[in-house]
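Colleague: Dropping the structure in here first, questions after.
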Amino acid sequence: MTVISTSLAQALREARLVAVLTGAGVSAESGVPTFRDAQTGLWAKYDPHELATPAAFRRNPKLVWDWYAERRAKLAEVEPNPAHHALAELERRVPHFLLATQNVDGLHARAGSRNLVELHGNIARVKCSACGAIAGEWSEPASSEPPRCSKCNAFLRPDVVWFYELLPADAQIAAEKAAHECDVFIVAGTSGEVYPAAELPQRARRAGARVVEVNPEPTPLSAIAHDVLRGPAGVMLPALVRAAFG
Ligand code: BV8
Ligand code: ZN
């Protein structure tokens, strides 16, 4: 049985605005490998920090396109898990709510989260690598090379934020505003190593929010959390929502 402190349950009940940051760990129980899990199969020899970059795409567009095509194909078989559903339920229970996710798997939206910003984009969407035209959702099987833009003929690419790329300004601004104004900030399933996303819980703490970490392992963010729920998000988040709202 997971024990949630009465003061944390009360803080959630009394919160006007709750902000959440999620990482790959909240999709782990859906069967989506996290970044720190060893890359499986063909990708075992590539480091995502190397592959998820504009330079890698310029150097070898097919390799990068195929990596995303394989991840996209796997996503077609997975479902949101209790962690995603608990966050959608929490959004329905509090007056104001914002969920900022680092995940590109679309599972929060599929679980019903509405006030959601995708800080690192969405793997299901593709765009032109040159003129930026959005080519919509893509599910074609991998071909000999990435498909080309119908407007300028440059290669299409996944509409995700690679390392060394800026985050979508509107998403980052909304997430930073929520971090500054929230009463409770929940950070779940992230190793807290990628910036600027990892800055959000620290901003919330400095602004006076109560910070809650949900992660089976300690992370650099554990030190700034008032409450640490040391366990899987699929167990801890439903327990937290139940303790606060029954
Ligand atoms: C930027 C989309 C400005 C793509 C991703 C030096 C030079 C240049 C840049 C930098 C630099 N130093 C730092 C930077 C900035 C860099 C950065 O932070 N690097 C890190 C590695 C140090 N950031 C950037 O480049 C960002 N842009 O800064 O622009 C700029 C511009 C030019 C030059 C300089 C700066 C862009 C970052 C976005 C990158 N894109 N994803 C794709 O998905 O393919 S990042 C990707 O990795 C994810 O989105 C996520 O953010 C990150 C992985 O982190 P997590 O989600 O936390 O996952 P992880 O596997 O690490 O951890 C899983 C956690 O879950 C663990 O803690 C585990 O314990 C836990 N867990 C496991 N099971 C469960 C669980 N928790 C709960 N329940 C469970 N069941
Ligand atoms: Zn184009």
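The values are calculated or read from the model by the stated rules, or taken from the named source; none is laboratory data. This one's a predicted model, so the numbers in the text were calculated from it and none came from an experiment. These area figures cover heavy atoms from the full protein model, side chains too; ligands, DNA and RNA do not enter into them. Shrake-Rupley method; radii C 1.70, N 1.55, O 1.52, S 1.80 Å.
Colleague: What is the ratio of the Cα radius of gyration of segment 131-190 to 2.2 N^0.38 Å, with N the residue count, to two decimals?
Modeller: That works out to 1.63 for segment 131-190.
Colleague: Principal axis lengths of segment 12-117 from Cα atoms, whole Å, largest first?
Modeller: Taking max minus min along each principal axis of the Cα atoms, segment 12-117 gives 51, 26, 20 Å.
Colleague: May I pose another question? With all distinct Cα pairs included, what does the Kirkwood hydrodynamic radius of segment 64-186 come out to in Å, to one decimal, could you say?
Modeller: With all distinct Cα pairs of segment 64-186 included, I get 15.9 Å.
Colleague: For the chain, what's the radius of gyration and Dmax over Cα atoms, in angstrom?
Modeller: 18.4, 59
Colleague: Which far-off residues, 5 or more places away or on another chain, put their amide H under 5 Å from the one on Asp159, with H placed in the peptide plane?
Modeller: Asn122, Arg125, Val126, Lys127
Colleague: What percentages make up the Cα-Cα pair-distance distribution of segment 110-246 when the bins are 10 Å wide from 0?
Modeller: Per 10 Å bin, starting at zero, the Cα-Cα P(r) for segment 110-246 comes out as 11, 31, 30, 18, 10, 1 percent.
Colleague: A further question follows. Given an 8 Å cut-off on Cα distances and at least 6 residues of separation, report the relative contact order of segment 189-246 as a percent.
Modeller: Value for segment 189-246: 30 percent.
Colleague: Quick check: the angle from helix 61-75's long axis to the longest principal axis of the chain, C-alpha only, nearest 10 degrees?
Modeller: Its long axis makes an angle of about 40 degrees.
Colleague: How much length is gained if the chain between Arg16 and Glu165 is pulled fully straight, taking 0.36 nm per residue apart and subtracting their Cα-Cα distance, in nm to one decimal?
Modeller: 50.3 nm
Colleague: Hey, if we sort Val187, Val161 by accessible area with the 1.4 Å probe, largest down, what's the order?
Modeller: On the way: Val187 5, Val161 30 Å².
Putting Val187, Val161 in descending order of accessible area: Val161, Val187.
Colleague: While we're on this one: List the residues whose amide H sits under 5 Å from the amide H of Val184, counting only those 5 or more places along or on another chain, with H placed 1.01 Å from N in the peptide plane.
Modeller: Amide H neighbours of Val184: Leu17, Ala19, Arg210.
Colleague: Okay, moving on. Add -39500 (n - 2.57) for each DSSP H run of 4 or more in the chain, then divide by its residues: what number comes out at 222 nm, to the nearest 500 deg cm²/dmol?
Modeller: -10000 deg cm²/dmol
Colleague: With θ set to phi - 60° and the Karplus curve 6.51 cos²θ - 1.76 cosθ + 1.60, what are the ³J(HN,Hα) couplings of segment 100-114 in order, to the nearest whole Hz, using x for Gly and Pro?
Modeller: So the Karplus estimates, Gly and Pro as x, are 9, 10, 8, 7, 10, 8, x, 6, 5, 5, 5, 7, x, 5, 10 Hz.
Colleague: Same structure again: Using alpha-carbon pairs under 8 Å, 6+ residues apart, how would you state the relative contact order of the chain in percent? Could you put the intermediate results ahead of the total?
Modeller: Details: 467 pairs, mean separation 63.8, N = 246.
Once divided by the residue count of the chain, the mean separation gives 26 percent.
Colleague: What's the angle, to the nearest 10 degrees (0 to 90), between helix 169-181's Cα axis and the longest principal axis of the chain?
Modeller: 10
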